[in-house]
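Below is one structure, written out as structure tokens; comments come after it.
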Amino acid sequence: MTATIDVQSLTKEYGRLKAVDELSFQVRPGEVLGFLGPNGAGKTTTMRIIAGFLPPTSGSVRVCGFDVETQPIEAKRKIGYLPEGAPSYPEMTPREFLEFIADARGLPKGSRRARLEEVYALLHLEKVLDRAIETLSKGYKRRVGLAQAILHDPDVLLLDEPTDGLDPNQKHEVRQLIGGMAKSKTIVISTHLLEEVDAICTRAVVISGGKLLADDTPAGLAARSRYHNAVSLKLADASLVDTVRAEIGALPEVAETEIDGDTGRIIAFPANGKLPLVPIGRLADQKGWKLDELHLETGRLDEVFRTITGGASA
Amino acid sequence: MSGIAAVFKRELASYFTTPVAYVFIAIFLIVANAFTFYLGGFYERNQADLASFFTFHPWLFLFLVPALSMRLWAEERKSGSIELLMTLPIEPWKSVVGKFLAAWAFTAIAIGLTFPIWITVNYLGSPDNGAILAAYVGSILMAGGFLAIGSFISAMTKNQVIAFIVAVVVSLMLVLAGYPLVLDVFSAWAPDALVETIASLSFLTHFENIRKGVIDVRDLVYFALLIGLALYANTIVLELKKAD
């Protein structure tokens, strides 16, 4: 399928500062792209350009075939956008606000009522429909913003930190909602929460300093971790740690070992392309070590993130 | 047109969900009437007309209309809702027109609510109601001129106080364009043609004619052009600096 979002050598300069630097990527229907990067990496700027709020300095963005600069209205019709911080009109109630969005988006008369009710229900807004938005909690404000973004059932959803300020239950619900829409839509989520990438994204793009540093599946990213296929184990008898560590370290499948300071776990990193789990299990059996835990690490996204973005904080 | 209508409806409703509308209307009515009776000598003149009422409108609008227009765009910038508005499928000029029309309709409502004075003058004598209607039209047109300028200035800042002060100063220049205070600055060096052009830009001169009941096409065109130009400039400013 052809890409619904096509970003080509996008550059945005503020004076001498390059907020976005020759960024190119494509997103296809059915994909949920996690847009990752430290604060100030250019995530919000890129989202704003795709949404048609900021003009790029150079490069181009096409949404469903429409150039956001020369055919802005056509492109905007295809997009549902949740801006950073979910701005709205604070003196309005969610009902008035979403009625306004329905007017502005020109929802067809016949299905308008039903669609509004459906969105109220999807985001659990029924209880707060007639209270001023400024009096609502952060979680509700965010949900009003999400309701606004999905109201016209857009082909492309751009969500700038959609779960920021939500509690774990609400986060889970929003992720389920996004996951439910993912099959037919193209979704881009900017986030600095790595768990979010794991939970809902089919692909992750990491940027820093406005440059694209990685474009991969979450599993692919995790595989870049030195923890990928590493084995961690915890001994029942902590006094044996040093002996066990030495024996495991001697296995040909193990490149090096490490002790996790907090938990006392031994972590064995695999030698090039080897899988040390089975040999370690066998060794433990032979020697009769009592293990509390033994498990395979898939890779740590946070560690990959730090490595890729050069240690800048998430 | 649906974009204009959507923005218009939202904006107009927002006046009435906040105290802005009620405070504005109350103050406008109190001050307009106080001026008419005390400064204008409505009774003392012993004339069955509303001259003492309409004379003060330019001065009243000079301060009250910028108080209304200052928030039009500055508030959108401040709260960040401009990002939402500008990413909806509505051309910027439609948002500008929608917002302006809402503010204008609101001002027209406030002006319309001065109708008791019209009833009063009809009760006391038999005025020329055609002239009074013309004066009402002129007053509303002039308010539109002030609003369009205020809206344009509001689009340039996110600070409502700055938007207010600059709008008052610019409006004052336009009101007084036909007076020595402004003309003396130019008459020393500028050619007569330019001085006359500036003089002809005065709100007062154009409003004076309509206020007397003389509806001249030139005066109507003046206010229409002024509104059109200010809103055009408003749209350009908005497109140039949406985000900052």
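Quick note: the coordinates plus some simple rules give every number you see, no bench work behind them. Please read all numbers here as calculations on a predicted model, not as lab measurements. No Cβ is skipped: glycine too gets one built from the backbone with ideal geometry, and neighbour counts run over all protein chains shown.
Miscellaneous remarks
- With a cut-off of 14 Å between beta carbons, the residues surrounding A:Phe25 carry a summed charge of -1, where Lys and Arg count +1 and Asp and Glu -1.
- A simple spin-label model places pseudo-atoms 7 Å from Cα toward Cβ; at A:His295 and B:Val31 they are separated by 7.0 nm.
- Prolate/oblate/rounded label for chain A (Cα gyration tensor, a/c 1.5): prolate
- For a modelled paramagnetic label at B:Glu91, 7 Å from Cα along Cα-to-Cβ, the residues of the range A:66-108 in reach, with backbone nitrogen under 20 Å, are A:66-79, A:103-107.
- Rounded to the nearest 0.05, the FRET efficiency derived from the C-beta distance between A:Asp242 and A:Gln26 at R0 = 45 Å is 0.30.
- Applying the criteria of a DSSP loop state and at most 15 other Cβ atoms within 10 Å to the chymotrypsin sites (Phe, Trp or Tyr not before Pro) of the range B:127-202 yields B:Trp189.
- Prolate/oblate/rounded label for the protein assembly as shown (Cα gyration tensor, a/c 1.5): prolate
- DSSP beta bridge pairing in the protein assembly as shown, given as percent antiparallel to the nearest 5: 65
- Gaussian network model of chain B, springs between alpha carbon atoms under 10 Å - residue of B:Gly98, B:Gly130, B:Gly213 with greatest fluctuation: B:Gly130
- Dipole axis of the range B:2-243 (+1 Lys, Arg; -1 Asp, Glu on Cβ), positive-most option in B:Gly112, B:Ile236, B:Leu174: B:Ile236
- Cross-link pairs exceeding 32 Å between alpha carbons, from the set A:Lys127/B:Lys99; A:Lys78/A:Lys171; A:Lys127/B:Lys242; A:Lys12/A:Lys127; A:Lys76/B:Lys158: A:Lys127/B:Lys242; A:Lys12/A:Lys127.
- Most mobile listed residue (A:Gly34, A:Gly165, A:Gly288) in chain A, GNM with C-alpha springs under 10 Å: A:Gly288
- Once the Cα atoms are used to define both axes, helix A:94-104 deviates from the longest principal axis of chain A by about 70 degrees.
- Dividing the mean sequence gap of close Cα pairs (under 8 Å, 6+ apart) by how many residues the range B:2-243 holds gives a relative contact order of 28 percent.
- Between A:Asp216 and A:Ser60, the simple label model (points 7 Å from Cα in the Cβ direction) yields a spacing of 3.2 nm.
- Close amide H pairs (under 5 Å, H built 1.01 Å from N) link A:Ala204 with A:Gly34, A:Asp216, A:Thr217, residues at least 5 positions away or on another chain.
- Cα-based reach from A:Lys290 at 20 Å (exclusive), listing lysines while leaving out same-chain residues under 8 positions away: A:Lys234
- The label point for B:Ala5 and the one for B:Ala105, both projected 7 Å from the Cα toward the Cβ, are 1.1 nm apart.
- Assuming charge only on the beta carbon of Lys and Arg (+1) and of Asp and Glu (-1), the dipole of the range B:14-154 about its Cα centre is about 220 debye to the nearest 20.
- FRET efficiency, 1/(1 + (r/R0)^6) with R0 41 Å, evaluated for A:Ser184 and A:Arg282 via beta carbons: 0.30
- Gyration tensor (alpha-carbon) shape descriptor, chain B, a/c threshold 1.5: oblate
- For the range B:2-243, with +1 on Lys and Arg beta carbons and -1 on Asp and Glu, the positive-most of B:Val7, B:Phe61, B:Ala103 along the dipole: B:Val7
- Database remark: amide H of A:Glu69 closer than 5 angstrom to the amide H of A:Val61 (H placed geometrically; neighbours at sequence offset of 5 or more, or on other chains; Pro and chain starts carry no H).
- Formal net charge of residues neighbouring A:Glu74 (Cβ-Cβ distance under 14 Å; K, R +1; D, E -1): +1
- GNM top mover of A:Glu297, A:Glu22, A:Glu13 - chain A, alpha-carbon springs below 10 Å: A:Glu13
- Chymotrypsin sites (Phe, Trp or Tyr not before Pro) restricted to DSSP loop in the range B:87-122 with at most 13 other C-beta within 10 Å: none
- For chain B, a crude dipole built from +1 on the beta carbon of Lys and Arg and -1 on the beta carbon of Asp and Glu, taken about the Cα centre, is about 660 debye to the nearest 20.
- Dipole moment magnitude, nearest 20 debye, chain A about Cα centre, only Lys, Arg, Asp, Glu C-beta charged: 720
- A Förster distance of 45 Å, applied to the separation of the beta-carbon atoms of A:Lys274 and A:Thr202, puts the FRET efficiency at 0.95.
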